[in-house]
Amino acid sequence: VDVFQAWCGPCKTVVDLFRKIRNEVGSDLLHFAVAEVDSIDALEKYRGKCEPVFLFYAEGELVAVVRGVNAPLLQKTILEQL
């Protein structure tokens, strides 16, 4: 989940990375979503920062968090979680 502030917008620079990985591993294993923190109370702790945050969930549980746009770390985290 790409967690973003309304005034900052979702991180568009990683869309191609996610698309590439999804094509490599199959669409059934990886799902990408965006969430605006001001609209979701459960994401309140991520408000007030203009830093992309990526939350990784498996079976409904938060399993990893990556802060900032770090393509190698994002790719590593995705592949580890899969």
When every protein chain stays in place and a 1.4 Å probe is rolled, Cys11, Cys50 sorted by accessible area with the largest first are Cys50, Cys11
Coil-residue chymotrypsin sites (Phe, Trp or Tyr not before Pro) of the chain, DSSP, other Cβ within 10 Å capped at 11: Trp7
Just in the chain: which GluC sites (Glu not before Pro) are loop by DSSP and have at most 11 other Cβ atoms within 10 Å? Glu59
Once phi is turned into θ = phi - 60°, what whole-Hz ³J(HN,Hα) does the Karplus curve with 6.51, -1.76 and 1.60 give for every residue of segment 53-68, x standing for Gly and Pro? 10, 10, 9, 10, 10, 9, 6, x, 10, 5, 10, 6, 9, 10, 9, x
Considering only protein heavy atoms, what per residue accessible area in square angstrom results for the chain with a 1.4 angstrom probe? 65 Å²
Quick check on the chain: helices-only [θ] at 222 nm, where DSSP H runs of length 4 and up contribute -39,500 (n - 2.57) each and the sum goes over total residues. Nearest 500, please. -8000 deg cm²/dmol
Straight-line reach from Lys20: which lysines have a Cα under 16 Å away, not including same-chain ones fewer than 8 places off? Lys12, Lys76
Equivalent ellipsoid semi-axes - Cα gyration tensor, the chain, angstrom: 21, 14, 11
Express in whole angstrom the spacing between the alpha-carbon centres of segment 55-77 and segment 1-30. 11 Å
Most mobile of Val63, Val34, Val14 per a Gaussian network model of the chain (Cα springs, under 10 Å)? Val63
On the accessible surface of segment 2-81, probed at 1.4 Å, how many percent belong to carbon and sulfur atoms? 51 percent
Can you tell me, using C-alpha contacts under 8 Å and at least 6 residues apart, the relative contact order of the chain as a whole percent? 33 percent
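The values are calculated or read from the model by the stated rules, or taken from the named source; none is laboratory data. Because the structure is predicted, anything quoted here is derived from the model rather than measured. Every residue, glycine among them, receives a Cβ derived from its backbone with ideal geometry; neighbour counts consider all protein chains shown. Keep in mind that these areas ignore ligands, DNA and RNA; they rest on the heavy atoms of the full protein, side chains included. Shrake-Rupley method; radii C 1.70, N 1.55, O 1.52, S 1.80 Å.
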